Amino acid sequence: MRFPCIEPRSYDCETKTKFGSIFRMVLPVVIAGVLTTVGAYIGTPTVLSALGFTKAGVAVGSMAAAVQTPATAAGGFFALCQSAGVLGLAASTKAAISAVAGAVVSVAAYVWPWSLLL
């Protein structure tokens, strides 16, 4: 939305127009980044539990049980998820996961053509 200008080269008009376009461009990026960061921080333990990595071990009949093999390697992805399910995640680990997820989604939101929606 452009603000009506009486004088085409008015400083106030150009400032308002630039601020409006920057605001429309930055707002979706900030909202997407913040929501993703908070959601990842809260949701990571929930997702691990839903996949079957519980405090008692791998849940019977879960997705984790379906992919578990007798030759699960120590230090592999499955073992890391199992450790996180049993012991829980440190706050620093959740913060790192959240920061990476927020950054990835913010970049994606910046690249996305929001002008089509606004």
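So here's what we get for this one:
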{"quantity": "Residue, modelled with the highest pLDDT, within the range 66-88, restricted to residues that are of a type in the set (Ser, Thr, Tyr) and surrounded by 12 or more Cβ atoms within 10 Å (Cβ to Cβ)", "calculated": "Ser83"}
{"quantity": "Condition check for Thr37: modelled with pLDDT of 85 or more, under 23 Å from the mean Cα position of the chain (by Cα), surrounded by 11 or more Cβ atoms within 10 Å (Cβ to Cβ) and under 26 Å from Val107 (Cβ atoms)", "calculated": "yes"}
{"quantity": "Helices (runs of 4 or more DSSP H) wholly inside the range 26-118 that include at least 2 residues being of a type in the set (S, T, N, Q)", "calculated": "77-87, 91-111"}
{"quantity": "Residues satisfying the stated conditions in the range 50-62, i.e. closer than 20 Å to Ala90 by Cβ and crowded, with 16+ Cβ neighbours inside 10 Å", "calculated": "Leu51, Phe53, Thr54"}
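The values are calculated or read from the model by the stated rules, or taken from the named source; none is laboratory data. Everything numeric in this text was worked out from a predicted model, so none of it was measured. Cβ: placed from backbone, ideal geometry, glycine included. Neighbour counts: every protein chain shown.
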